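Working notes for the structure below.
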Amino acid sequence: MEKTELTGSAINDLALSILNAAPLATFGLENRRIIFANRAVERIFGWKPEELIGQSTRILYANDEEYEKAGKEVYPTLENGPAVLKSVFECRHKDGGIIICRLSATRIGDSLVNRKVVVTFEDISELKKIESRLLESEKLYRTLAESSFAGVYLIQDGKFKYVNEQAASYMGYKPHELVGRKAHSIVHPNDRKMIGKFAREMLKGKRTTPYSYRALDRKGRILWFMETVTGIVYEGRPAVLGTTMDITELREAKIEIEEFNKLRSSILDATPHAIMYLEDRRIIFANNAVESVFGWKPEELIGNSTRMLFLSDEDFERMGHMAYSTLERRRVYDEPEFLYRHKSGEPIYCRIKAVRIGERLSQKRSLIVTYENITEQKKTQDALRQRTKELELKTQNLEEANIALNVILKKREADKLKIEKSVVDNIRELIMPCIQQMKKYHMDDEALKYASLAESYLNDIVSPFLHKLSIRHLNLTHREVLIASLLKDGKSSKEIGDLLNISSRGVDYHRNKIRKKLGLKHKRDNLRSYLISCFSDDTPEEGHNSKIV
């Protein structure tokens, strides 16, 4: 069976609910200044808690003398020990009326630092009135003195003979509105038979514990009360003296705690990670997810040492040393990966987070620990690492292949350059001398023109000019490249026209096209000078920075 425990915040909420449900006005004081007040202060003093917080306690006393008297009695007594001091003082209601209160005080902590104390005030004004009216019955006096001073009432012949202010205020009435009324009229109809039975048992001494019941207040709302009754003689006849306490808020707080625990249990069961509460490495609580992580049901683990989750004593001791040495210094311990043991005996990898309970590691070494099974995740990561290594190896092989290919390409480029050099050398050394010899012989003008044109073309072949021009300006036509080459060599439009069998106007047309494509259309640059400067033999083909456009 799973165990549940209240969280710190739930305990604080419960404590606050209990204080607010208490019938006594309760204050937290520091140097006689109010730092806390419960809801009962409004019922007793008439002020709301927020009206009093930050105020001096002088506001609660009837006069300066009572205020000074309380200070002289309370603090010297509490200086010598944490004993509870009880004394009666005259106090003042918000409306100016005097009320008699029994004051109880105890200090906060082991010493009276900043005079921090907790003080409760019981309004015993009604008790004093009852005592004076019922002097004929010494037994009644003793019973009232010894009974709780919460809600006090007196019933005779089934009707209220007396109701104190506090008991009446629970129900939203004034005391005189209840006196003479049938007592069972305020009890919930479904609880009247039960309360009659419990009251008779208590009056006969067969029951000693208080009983609870439902009542209906002035507005018809259901309230819960806890009650005790005692048989007395009033005015010579049997009567019932009862004390009661409104436990509605306490009961609601209990229900809220139960609902919170159910919610907490649901959250824990919905969490996919195993969660355990440990004391001194013994499992006190485990959620249902432990079965999916470790294979054990919660009831199989609770009460056992966490040693059963480890593969070896060495792992058990190592984890204990790492975790507790860290938690001595920090609130949280994280371990991204640790080997544990599944119920089947198989090793599993878990990511764990341990959180200590409290500001420091208690003697019980109380911890909340979560376990996340990362075995499959680790297998995936290992496979991914292996695949990454394989890809790295393939990448390395590919890089080596690329290096080899680059070597081959460079060798091929070198061979190409060697061939080109061989062709150029042959043209210069073998063909060009022949053409020059041919031009020395008597040739007609037409033959001489074509011999000169052939010589020009061959010069262009052995010169990088045409190659550079074609590469840089791929939009030039073949004829425009030839004309540009002849222009660079100093040929006039007429000479070019004669060589290419086109008119001088046609040559000028192509010249204008060339200027436009070279970005010289609206510039005054000389085309031949531009071609010589930009495409001379010693101009580098790459990294050229000259501005063309």
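The values are calculated or read from the model by the stated rules, or taken from the named source; none is laboratory data. Given the structure is predicted, the values throughout are model-derived calculations rather than measurements. So basically every Cβ, Gly included, is an ideal-geometry build from the backbone, and we count neighbours across all protein chains shown.
Restricting to the stretch 23-70, name every residue that is out of contact with any strand residue (DSSP E or B) (no Cβ under 7 Å at 6 or more places or on another chain) and in contact (Cβ under 8 Å) with a residue 60 or more places away in the chain.
Scanning the stretch 23-70 gives Asn31, Arg43.
(1) assigned to a helix (DSSP H, G or I); (2) in contact with a Phe, Trp or Tyr (Cβ under 8 Å, 6 or more places away or on another chain); (3) among the charged types (D, E, K, R): which one isn't true of Asp382, the others all being true?
Only one criterion is unmet by Asp382, namely (2).
Only one of Gly295, Gly242, Gly236 is closer than 30 Å to Gln166 by Cα and surrounded by 15 or more Cβ atoms within 10 Å (Cβ to Cβ). Can you tell me which? Before the answer, list the steps.
Details: Gly295 fails: closer than 30 Å to Gln166 by Cα; Gly236 fails: surrounded by 15 or more Cβ atoms within 10 Å (Cβ to Cβ).
Selected residue: Gly242, the only one of Gly295, Gly242, Gly236 that is closer than 30 Å to Gln166 by Cα and surrounded by 15 or more Cβ atoms within 10 Å (Cβ to Cβ).
Quick check on Ile44: is it at pLDDT below 85 and crowded, with 17+ Cβ neighbours inside 10 Å?
Against the criterion (at pLDDT below 85 and crowded, with 17+ Cβ neighbours inside 10 Å), Ile44 does not qualify.
Suppose the filter is in a loop (DSSP other than H, G, I, E, B) and surrounded by fewer than 16 Cβ atoms within 10 Å (Cβ to Cβ); does Arg307 pass it?
no
Among Thr370, Thr388, which is closer than 13 Å to Tyr333 by Cα and not aliphatic (A, V, I, L, M)? Write out each step before concluding.
Details: Thr388 fails: closer than 13 Å to Tyr333 by Cα.
Result: Thr370 is the single residue among Thr370, Thr388 that is closer than 13 Å to Tyr333 by Cα and not aliphatic (A, V, I, L, M).
If you check Tyr324 against the conditions, is it touching a helix residue (DSSP H, G or I) at 6+ places or on another chain (Cβ under 6 Å) and closer than 17 Å to Lys353 by Cβ?
Answer is no for this residue.
Name the pairs: first residue in the stretch 170-181 and assigned to a loop (DSSP other than H, G, I, E, B), second residue of a type in the set (Asp, Glu) and modelled with pLDDT of 90 or more, Cβ to Cβ under 8 Å, at least 6 apart or on different chains?
Gly172/Asp217
Scan the stretch 494-514 for residues that are modelled with pLDDT of 85 or more, of a type in the set (D, E, K, R) and under 14 Å from Leu482 (Cα atoms) and jot them down.
Passing the criteria: Asp508, Arg511, Lys513.
Checking the structure you have, find out if any residue of the stretch 291-300 is assigned to a loop (DSSP other than H, G, I, E, B) and farther than 17 Å from Tyr277 by Cα.
For the stretch 291-300, residues assigned to a loop (DSSP other than H, G, I, E, B) and farther than 17 Å from Tyr277 by Cα: present.
Please work out if Glu392 is acidic (Asp, Glu) and either in contact (Cβ under 8 Å) with a residue 24 or more places away in the chain or in the same structural domain as Glu291 (by TED's automatic domain parsing) (or both).
No; evaluated as a whole, the condition is false for this residue.
Scan the stretch 193-235 for residues that are in contact (Cβ under 8 Å) with a residue 60 or more places away in the chain and over 55 Å from the mean Cα position of the chain (by Cα) and jot them down.
Thr230, Ile232, Val233, Tyr234, Glu235
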